[in-house]
Amino acid sequence: METNIKKVLQKLSSFSVLLIFTFSLLSYGQKNVNAKTSEKNSVEERQITAMITKKTTPEELQKIKKQMKDEGLGFEYSGVIYNDNSEIISITIGYKDKNNNSGKYSVSSKKPINDIIIVSEGSRISIKSAGSSNQAFISQQNGRKVSDDTEKPYKDRRKALKERSDKMEMEMEEHMKAMKERQAEMEKRMQKRSDSIRTLNHPRVKSATSFNPISQSITKNTTDSELLKLQNSYDMENISFYYKNLERNDKNEITHISITIDNQNGSVSSSSFGNGKEAIKDIAVAVDKQHTIMKSAE
């Protein structure tokens, strides 16, 4: 009887030890799962948002790049182009998250870009544009770079847009040229008729060596409208005055201009003034039926 009681006590003791061990193991496993879940939630809840606007400077782009790098995310940019107002009109962005998902975002237009929003959320990164006025191309692939085949539709689209823009610009230039030719021809006929009437009413002999020029001056501050008025004033005298390659600095001062003058009597002069960086010196222009003179003040 005593032996049986001992056996029962031994069995109860072994069962108690086994029960305590099982409870401890389950408790440890639950704590480990809770710790991992907490760590995962902490990663997912961490979110960083950066924005690239049309006014973002190169220095600010570098800060965004460093910020993403510190988060362990890939972020590169290239092809950044600014217009005369220091506004971004073209940029290409490449990005890669911690799950090895990579993508590329490109936008190029004659207009400033829309805001580009970059969101880093845990191990993921995403990019979107706040607007739809500019052409944009976004592609994303898992674990590898964007292939040439993926970029090809974007390149074709840009090429087609450029060809269409160039064609429209060429047609506009041809239209303007034809209008100027018709206007010049009409003014030439009117001037010829006016000269004939003047000769009949006031006959006179003009010396071949006389020089009675129409003098004008172009300064660094001459505006586009003033140049147009100057062009029209010469047109009234049947003199062709044409300018191109007009460049200005931030102060709206002329830094470069190319001028061609044709007195329609065999005298043609073409000159370029300025280096495109510094404001031009005053340009003196004098022309009559026999001579055309252009001179930059020292």
For the list (1) surrounded by 15 or more Cβ atoms within 10 Å (Cβ to Cβ); (2) closer than 18 Å to residue 55 by Cα; (3) at pLDDT 85 or above, I need the number of the one condition that residue 134 fails.
(3)
Lone unmet requirement of (1) part of a helix (DSSP H, G or I); (2) modelled with pLDDT of 80 or more; (3) hydroxyl-bearing (Ser, Thr, Tyr) for residue 217:
(1)
Close pairs from the range 248-259: first over 11 Å from residue 275 (Cβ atoms), partner not in a strand (DSSP E or B), Cβ under 6 Å, at least 6 apart:
253/220; 253/279; 254/220; 254/280
Residues located in the range 248-265, provided they are hydroxyl-bearing (Ser, Thr, Tyr) and buried (at least 18 other Cβ atoms within 10 Å of the Cβ)
255
Quick count over the range 244-268, residues being at pLDDT below 90 and under 18 Å from residue 183 (Cβ atoms), is 4
Can you tell which of 234, 243 is assigned to a strand (DSSP E or B) and surrounded by 14 or more Cβ atoms within 10 Å (Cβ to Cβ)?
243
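With the structure loaded, tell me whether residue 227 is of a type in the set (A, V, I, L, M, F, W, C), at pLDDT 85 or above, surrounded by 16 or more Cβ atoms within 10 Å (Cβ to Cβ) and not assigned by TED's automatic domain parsing to the domain that holds residue 185 or whether it fails that test.
Here the answer is yes, as residue 227 does meet what is asked.
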Got a number for residues in the range 266-298 being of a type in the set (A, V, I, L, M, F, W, C), surrounded by 14 or more Cβ atoms within 10 Å (Cβ to Cβ) and part of a loop (DSSP other than H, G, I, E, B)?
2
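The values are calculated or read from the model by the stated rules, or taken from the named source; none is laboratory data. Everything numeric here is computed off the predicted structure, so don't read it as measured data. Note: ideal-geometry Cβ built from the backbone for every residue, glycine included; neighbour counts use all protein chains shown.
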